[in-house]
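The values are calculated or read from the model by the stated rules, or taken from the named source; none is laboratory data. Here the structure is a predicted model, which is why all the values come from computation and not from measurement. Heads up, the Cβs are rebuilt from the backbone with ideal geometry, glycines too, and the neighbour counts pull from every protein chain shown. SASA here: full protein model, heavy atoms, side chains in, ligands and nucleic acids out. Shrake-Rupley method; radii C 1.70, N 1.55, O 1.52, S 1.80 Å.
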Amino acid sequence: MAKTVAFCTLGCKVNQYESEAVLEQFLKKGYHAVDFSETADVYIINTCTVTHLSDRKSRQMIRRAKQHNPHSVLVVMGCYVQTNPDAVLKIPDVDVLIGTANRGKVPEAVEQFLAEQKRIDLVEEKVDACFEALSIDGTGQEHTRAYIKVQEGCNQFCSYCIIPYARGRIRSRSIDSTVEEAKRLVASGFCELVVTGIHLASWGKDSGEGTLVDLLEALQKTEGLKRIRLGSLEPTLCTKDFAKKIAALDKVCHHFHLSLQSGCDATLQRMNRKYLTAGYMQAVQDLREAMDDAAITTDIMVGFPGETEEEFAASFAFMKALHLADAHVFKYSPRNGTVAAKMEGQIEPQVKEARSRKMIALTKAYQAEFAEKFVSAQMPVLIEQEVRPGVYEGKTGNYITVLVESKENICGHLVQVTMCSAEGALLHGVICRS
């Protein structure tokens, strides 16, 4: 009987990619994947450490795994392990520790543990020597969208962020390697690739192969690939020239996630962000001018140390002026080892909560406003799943969720849809018949 492996992936799209790459390694060794809630021979928790809640969730999932099967092998990997290995080492049930390097060695580490019955610790102090060449080819997956990791590390050192310490300095994947993986994924049936990295805007700065646009132009030539979607970008990348070049690439989706963090210049400066609100607004305008259907989304933080009522009001007003398609609102969380954790003026939890609720309410209103703009439009929709009998869900290029009815199974198909009505951020449509 084949051994079983179960994954729990916390955090970002890069983590999701890395989990899929490690899962494929196990599948190719004859393992069978099961849900994390089921009994498995091997449990793998890919951790996140962006906030203290991420740390707590990581610890909860570590402890939960052995409750499912006390005799299983428990592997803990990722950013939380890299930044706080001592905390993970104190959890007695952990059998294998791997940080943000050596993820290509997970199956071998499990085999070594089974042979020796001794804890394996592969956490390395230095993780940025080179780009770790993980890859996926779609083995065992049945989705229409795949992640493709092209960049690792970050040199920005925002005052609140632990990720440069967890992931190291920037490293870029080569164009040739990226294109080869894209071809394998398309051959496996994937219609859309999500290009992702820790600091995607830095792609090419270390390798000399060009800029992110050069990489996208190479991916654009991949035969059979229908869509290229971008992960999170920095507003400083989104110049008028960038927008013009992206608009000329018909496979690149018109969805741009531009990290903002605050709409107040004073707060941005304390955060050590590399732009001010005027620069952010210009980036948004340049993208919209080049692509009038562009969905621009963001991350916005509330409760950063020293954020006064006036600063929050400025941030809120800036968000109102932007009219973005969506925003991920989150409360500042101190990270040990960062500059912001030592700043004076730490904000009380109840104040953060009130500001978060207000910002979220604004976001929901603009989600609905953006979707409403496309009622009566015809748009291509990539169908991803059947949500109930005869009703299918998919995404437009600018990442609006759409529901359509079909008597045939249309999962994985790119279909032309006329949008009939909006329900909040959701569109209902009918398939155009030729």
Keeping to the range 23-44, report how many residues are open to solvent by less than 30 Å² (accessible area, probe 1.4 Å) and in contact with a Phe, Trp or Tyr (Cβ under 8 Å, 6 or more places away or on another chain). 4
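This table checks each residue for (1) touching a residue at least 40 places away in the same chain (Cβ under 8 Å); (2) among the small types (Gly, Ala, Ser).
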{"position": "ALA87", "(1), (2)": "no, yes"}
{"position": "ASP128", "(1), (2)": "yes, no"}
{"position": "ILE136", "(1), (2)": "yes, no"}
{"position": "SER159", "(1), (2)": "yes, yes"}
Candidates GLU310, GLU209, GLU217 - the one that is charged (D, E, K, R), surrounded by fewer than 20 Cβ atoms within 10 Å (Cβ to Cβ) and assigned to a loop (DSSP other than H, G, I, E, B): GLU209
Go through (1) in contact with a Pro (Cβ under 6 Å, 6 or more places away or on another chain); (2) part of a strand (DSSP E or B) for GLN346 and report which single condition fails. (2)
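Go through the range 317-343 and report how many residues are of a type in the set (Phe, Trp, Tyr) and either in a loop (DSSP other than H, G, I, E, B) or over 22 Å from SER232 (Cβ atoms) (or both).
Of the range 317-343, the ones of a type in the set (Phe, Trp, Tyr) are 318, 330, 332.
In the following step, the residues that additionally are either in a loop (DSSP other than H, G, I, E, B) or over 22 Å from SER232 (Cβ atoms) (or both) were identified as 332.
Counting residues in the range 317-343 that are of a type in the set (Phe, Trp, Tyr) and either in a loop (DSSP other than H, G, I, E, B) or over 22 Å from SER232 (Cβ atoms) (or both) gives 1.
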Of these, THR396, THR401, which one is among the polar types (S, T, N, Q), within 22 Å of the chain's Cα centre (by Cα), open to solvent by 20 Å² or more (accessible area, probe 1.4 Å) and under 19 Å from GLY424 (Cα atoms)? THR401
Of all residues in the range 113-147 being in contact with a helix residue (DSSP H, G or I) (Cβ under 9 Å, 6 or more places away or on another chain), of a type outside the set (Lys, Arg) and more than 30 Å from LEU225 (Cα to Cα), which is modelled with the lowest pLDDT? ASP128
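Which of the following residues is open to solvent by 10 Å² or more (accessible area, probe 1.4 Å), over 20 Å from SER202 (Cα atoms) and at pLDDT 95 or above: MET291, MET301, MET281? Show your work before the answer.
Values: MET291 fails: open to solvent by 10 Å² or more (accessible area, probe 1.4 Å); MET301 fails: open to solvent by 10 Å² or more (accessible area, probe 1.4 Å).
The unique qualifying residue is MET281.
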Could you go through the range 332-351 and let me know if any residue there is open to solvent by less than 60 Å² (accessible area, probe 1.4 Å), closer than 22 Å to HIS255 by Cα and at pLDDT 95 or above. no
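Of all residues in the range 54-80, which are small (Gly, Ala, Ser) and either open to solvent by less than 10 Å² (accessible area, probe 1.4 Å) or part of a strand (DSSP E or B) (or both)?
So in the range 54-80, the residues small (Gly, Ala, Ser) come out as 54, 58, 65, 72, 78.
Within the range 54-80, SER58, ALA65, SER72, GLY78 meet the criteria.
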Subset tally (residues that are part of a helix (DSSP H, G or I), touching a residue at least 60 places away in the same chain (Cβ under 8 Å) and not basic (Lys, Arg)) for the range 1-53: 15
Within the range 393-426, restricting attention to residues that are touching a Cys at 6+ places or on another chain (Cβ under 7 Å) and in a strand (DSSP E or B), which residue is farthest from ILE228 (Cα to Cα)? THR418
